[in-house]
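The values are calculated or read from the model by the stated rules, or taken from the named source; none is laboratory data. These numbers come from a predicted model, not from an experiment. Cβ atoms come from the backbone with ideal geometry, glycine included; neighbour counts cover every protein chain shown. Calculation scope for accessible area: heavy atoms of the full protein, side chains included, ligands and nucleic acids excluded. Shrake-Rupley method; radii C 1.70, N 1.55, O 1.52, S 1.80 Å.
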Amino acid sequence: MMLLLRKMALSAHQIPRWLNSIKLNGFISATQLRNCFQRPGKTWLHEFSAQPQLSSDNCFFQWGFKTYRTSSVWNNSSQSTNSSGQGINSPQSTMLPSVNEQSQETELSLEGLDHVPPLSPLQPVSEEEAIQILADPPLPPVTFTLRDYVDHSETLRKLVLLGVDLSKIEKHPDAANLLLRLDFEKDIKQILLFLKDLGIEDNQLGTFLTKNYAIFSEDLENLKTRVAYLQSKKFSKTDIAQMVRNAPFLLNFSVERLDNRLGFFQKELELNVKKTRDLVVRLPRLLTGSLEPVKENMKVYHLELGFKRNEIQHMITKIPKMLTANKRKLTETFDYVHNVMSIPHHIIVRFPQVFNTRLFKVKERHLFLTYLGRAQYDSAKPNYISLDKLVSMPDEIFCEEIAKASVQDFEKFLKTL
């Protein structure tokens, strides 16, 4: 009995070496190997037979299992325990075939593998097979940035290539859900072609889409309808392209909204059609922003600052930003220019650029001219300095032509303030 067990152990250690020496015509996975084995029967003691058997369809070789029962082993053995050791060393008891026999008997066709049933996803695989499996990395279960989805979304990858800044878009809570649901070919490509036809250049698409990613939720036909409306109001293609670049949300508004806004400015400012069109081309966010600052500033110019209706109309057609400027800035600038510098209303109306200039710049230059004795803003007197030159010239030209001093002198003076 002990010798038989040793025999079994020896055979079990030799089997892996034998299998490694087998050379097949093609690669057969471990899973296919298991499918092609015959199912062994119930045994008391098992060992592999030395004879490989070919299956009927030449699919693969099947190893027959030879069952030895303890009783039959001892019944067939007529030798004593001492003579059993000789049986182990005899040629008839050799358990493994020679290498030549193996190479001859394993020249098998792999055509039959086409009929192997599909593998179950729950069927176990070996470590070697697991290494060869290629799988995409899983999506993060929780994330606060679109960057984690770029590798999984073709849409996001192409938007990044266009120059879209996802770090700005992801600050909006609805942005991620919108972009991750979109298909680039189906939902985005046509919008991009529409914007390019409208006049948005390739190098401008990234900036535009970063600000107005919501345009992908708009129907293409609605976008075309809004462009057609602007064209019916005599806006040129160049005008429309400029307006869309400067006010990216312009085409997100309905035709009714655009029409109401144009009517408001034409009526409230008492402008003709051409001046109204020029006003919104220069400042298209008048059509997309809130009207409350506009209404508030109109009251400030008329009631608090004392300008007449026609004077207000003249100033805003020259400087449209005056309609949306900060109320506090407007009043502080007017107070200094009118009350400190003693410049009357009609001169301010001629040079409304002063409302578009930083107040500290006006103060610095006025105080420097006062220090030099050259602060003279009355056009009827000698050495007149226009309000336009005071606020629009760079420091070098201001010092040379207006103050008649060097830049170094101006900088030294500023240190005394």
Please work out which one of (1) of a type outside the set (Phe, Trp, Tyr); (2) over 18 Å from residue 300 (Cβ atoms); (3) surrounded by fewer than 16 Cβ atoms within 10 Å (Cβ to Cβ) is the condition residue 366 fails and give its number. (3)
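Before we move on, is residue 237 open to solvent by 80 Å² or more (accessible area, probe 1.4 Å), within 23 Å of residue 287 (Cα to Cα) and either touching a Gly at 6+ places or on another chain (Cβ under 9 Å) or of a type in the set (Asp, Glu) (or both)? If you could, list the steps in order and put the result at the bottom.
Values: open to solvent by 80 Å² or more (accessible area, probe 1.4 Å): yes; within 23 Å of residue 287 (Cα to Cα): yes; either touching a Gly at 6+ places or on another chain (Cβ under 9 Å) or of a type in the set (Asp, Glu) (or both): yes.
In short, yes.
One line per residue, one yes/no per condition, for (1) under 19 Å from residue 348 (Cβ atoms); (2) of a type outside the set (A, V, I, L, M, F, W, C); (3) in contact with a Pro (Cβ under 8 Å, 6 or more places away or on another chain); (4) surrounded by 11 or more Cβ atoms within 10 Å (Cβ to Cβ):
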| position | (1), (2), (3), (4) |
| --- | --- |
| 381 | yes, yes, no, no |
| 384 | yes, yes, no, yes |
| 399 | no, no, no, yes |
| 407 | no, no, no, yes |
| 410 | no, no, no, yes |
| 413 | no, no, no, yes |
Unmet criterion (only one of (1) in a helix (DSSP H, G or I); (2) under 26 Å from residue 411 (Cα atoms); (3) more than 48 Å from the chain's Cα centre (by Cα)) for residue 346: (2)
Selection from region 277-294 of residues over 15 Å from residue 245 (Cβ atoms) and of a type outside the set (A, V, I, L, M, F, W, C) yields 277, 278, 289, 290, 292, 293
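With open to solvent by 10 Å² or more (accessible area, probe 1.4 Å), outside the structural domain of residue 390 (by the TED database) and either among the acidic types (Asp, Glu) or touching a helix residue (DSSP H, G or I) at 6+ places or on another chain (Cβ under 8 Å) (or both) as the only criterion, which of 298, 322, 315 stands out?
298
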Would you check which residues across region 204-233 are crowded, with 16+ Cβ neighbours inside 10 Å, more than 23 Å from residue 177 (Cβ to Cβ) and either aliphatic (A, V, I, L, M) or modelled with pLDDT under 90 (or both) and list them? 227, 230
Take region 386-396 and flag every residue that is open to solvent by 50 Å² or more (accessible area, probe 1.4 Å) and under 12 Å from residue 365 (Cβ atoms). 389, 392, 394, 395
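Given the residues 334, 355, 307, which is the only one that is part of a loop (DSSP other than H, G, I, E, B) and surrounded by 17 or more Cβ atoms within 10 Å (Cβ to Cβ)? Break it down into steps so the answer makes sense when it comes.
Values: 334 fails: part of a loop (DSSP other than H, G, I, E, B); 355 fails: part of a loop (DSSP other than H, G, I, E, B).
Criteria check complete, one pass: 307.
Just give me the residues in region 268-281 being crowded, with 17+ Cβ neighbours inside 10 Å and part of a helix (DSSP H, G or I), in sequence order.
Step one: filter region 268-281 for residues crowded, with 17+ Cβ neighbours inside 10 Å, giving 269, 271, 276-277, 279-281.
Correct list: 276, 277, 279, 280, 281.
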Does region 364-395 hold any residues that are in a loop (DSSP other than H, G, I, E, B) and within 48 Å of the chain's Cα centre (by Cα), and which are they? 393, 394
Considering only helices (runs of 4 or more DSSP H) wholly within region 154-207, the ones with at least 1 residues that are farther than 21 Å from residue 222 by Cβ are 154-161, 166-169, 175-181
If you go through region 216-267 one residue at a time, how many are among the aromatic types (Phe, Trp, Tyr) and in a helix (DSSP H, G or I)? 4
Consider residue 386 carefully, then state whether it is of a type in the set (Gly, Ala, Ser) and either on the phi < 0 side of the Ramachandran plot or not assigned by the TED database to the domain that holds residue 325 (or both). yes
